[in-house]
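Everything below concerns the one structure shown next.
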Protein chains: 4
Amino acid sequence: MLHTRELFESMTTKPSLSSEQMATMVEALQDCAEAVLACSAGMLAARDAGHLAEAASRDMDCVDVVTTTRNVLTRGNGPDSSMLSAQLEVCLLACERSNELCGRHAEHHTHCRICSDATRHCADTCRATLDALHR
Amino acid sequence: MLHTRELFESMTTKPSLSSEQMATMVEALQDCAEAVLACSAGMLAARDAGHLAEAASRDMDCVDVVTTTRNVLTRGNGPDSSMLSAQLEVCLLACERSNELCGRHAEHHTHCRICSDATRHCADTCRATLDALHR
Amino acid sequence: MLHTRELFESMTTKPSLSSEQMATMVEALQDCAEAVLACSAGMLAARDAGHLAEAASRDMDCVDVVTTTRNVLTRGNGPDSSMLSAQLEVCLLACERSNELCGRHAEHHTHCRICSDATRHCADTCRATLDALHR
Amino acid sequence: MLHTRELFESMTTKPSLSSEQMATMVEALQDCAEAVLACSAGMLAARDAGHLAEAASRDMDCVDVVTTTRNVLTRGNGPDSSMLSAQLEVCLLACERSNELCGRHAEHHTHCRICSDATRHCADTCRATLDALHR
């Protein structure tokens, strides 16, 4: 398993976040990307794929946005955190939208339940990171 | 060459944008991603790479954000354009930041000048698209 | 419109390809990514989405692979082109697979026909670039 | 933490890999992407960035390839695993190349050592997955 916190401690380019905050946010983003990817694949392979196509489409947006957020966050940001903030805002919206659409199918598909948990956790972590940036 | 406008006219999922607006925005995003990618590679290969590292790093963020914006825009958005708006806002910031950093080297490196033109054009197109969405 | 050839001529890091070969390949990749993205969105929004889910899923793989190929190609490669070759091989497979699946629906959906043309052109250009690299 | 194995067990689209093999491979890819991203950012921020630019550039290729591999693997593949195999082959090359370049700086930069470990582990896991696919 990756020692994410040690990794960030070794870097000289840090945004206004602690290594622990960075590690927590990165892990939430990684888990979210994976859960949403798997869920959209699971929905497209389901018998009721036609019914789930809208949710699958929003999930693909979510994967792209979450992955870009991981990249932007990890690269660090210098003293100006306005771009990181804007990226976290769009990430929050993408997670909330996937969460809303997948949550409806959480009873019928295990991958929708796991996805729904991961997007909620990621949205919450985005909110906490935004708070830390604006403090 | 791709018939981008014909492509969007054939789709049933459109956001609150015309096929022409979609095509103009997509082309600006594609050109921008390519110019910024090439520019960051050119800077890292230059003799004064150490001096250009900050600009190269911001360019990488820009490529990811611009590519995700292309994906989100192309997938279409349904009636709710709040996520597309947020994505265009972060794209605008990323383009402006790359533009500012690369513009400083535009006299010394042709790829910086081309990159600087492409990020300015993409930022302007983002603003026009945001105006169209909010109308 | 981006002056892709001028861009590559200004760079000092070139793989074993001419600026014209680079520009032709990059344009094929950009057009392909856009056509495949739009097509998968179009299929998921269609009334027969359930029937088209497999093709949509392969299209998403194709978009990711084609976009990564654009990035790897544009960054240049130094004297060793083995990674670029391997990337072009997987890109060729991804384009052929999308082409096969979308070609079946080309009569019923305009976006499938445009996508089918773009993936065929991109696959052909990958083959020509692989030939040039191995010469 | 994401229950990756449970996630894959809930999906109906599986390639010729067990849920455990899928989970192991996905985790290696996620850790690798993060370590390589952080390392390239760390190198570009270092005082000797000019010296490290080649390694940083190869790391960026690696991040893109590894992330696309995660996406292709997670989407599942149907009975034909030829594209997944080709994707794993290019991923193996990208990891080996980053590993070779970063390994040289492992003594001087902690992020290079962590990156070097993560790319080696990911390359080994790619080899094991390719073996399982070809069995």
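The values are calculated or read from the model by the stated rules, or taken from the named source; none is laboratory data. Quick caveat: nothing in here was measured; it's all calculated off a predicted structure. For neighbour counting, all protein chains shown are included, and Cβ atoms are generated from backbone atoms with ideal geometry for every residue, glycine included. Heavy atoms of the whole protein, side chains included, go into the accessibility calculation; ligands, DNA and RNA do not. Shrake-Rupley method; radii C 1.70, N 1.55, O 1.52, S 1.80 Å.
Things to note:
- Relative contact order for segment D:18-133: 33 percent, from Cα pairs under 8 Å spaced at least 6 residues apart, divided by residue count.
- Each Lys or Arg adds one and each Asp or Glu subtracts one; over the other residues with Cβ under 15 Å from the Cβ of residue C:93, this totals -4.
- Taking the inverse of the mean 1/r over every pair of distinct Cα atoms in segment C:53-94 gives a Kirkwood hydrodynamic radius of 10.9 Å.
- Copy-to-copy label separations for residue D:19, where each label sits 7 Å from Cα toward Cβ, in nm and ascending: 3.6, 4.6, 5.6
- Per residue accessible area in Å² of chain D, where ligands, DNA and RNA are left out and the probe is 1.4 Å: 36 Å²
- Inter-copy spacing of residue C:135 label points, which lie 7 Å from Cα along Cα→Cβ, given in nm from shortest upward: 4.4, 4.9, 6.1
- Dipole magnitude for the protein assembly as shown: computed about the Cα centre from +1 point charges on Lys and Arg Cβ and -1 point charges on Asp and Glu Cβ, it is near 0 debye.
- A point 7 Å from Cα along Cα→Cβ stands in for residue A:80, and the other copies hold the same point at 3.2, 3.8, 4.8 nm, listed in rising order.
- Taking the convex hull of Cα positions in segment A:18-133, its mean projected area over all directions (nm²): 6.4 nm²
- Rounded is the label for the protein assembly as shown. Its Cα gyration tensor axes, ordered a ≥ b ≥ c, give a/c under 1.5.
- Label-zone membership for segment B:19-53, site residue B:135, 7 angstrom Cα→C-beta point, backbone N under 20 Å: B:19-29
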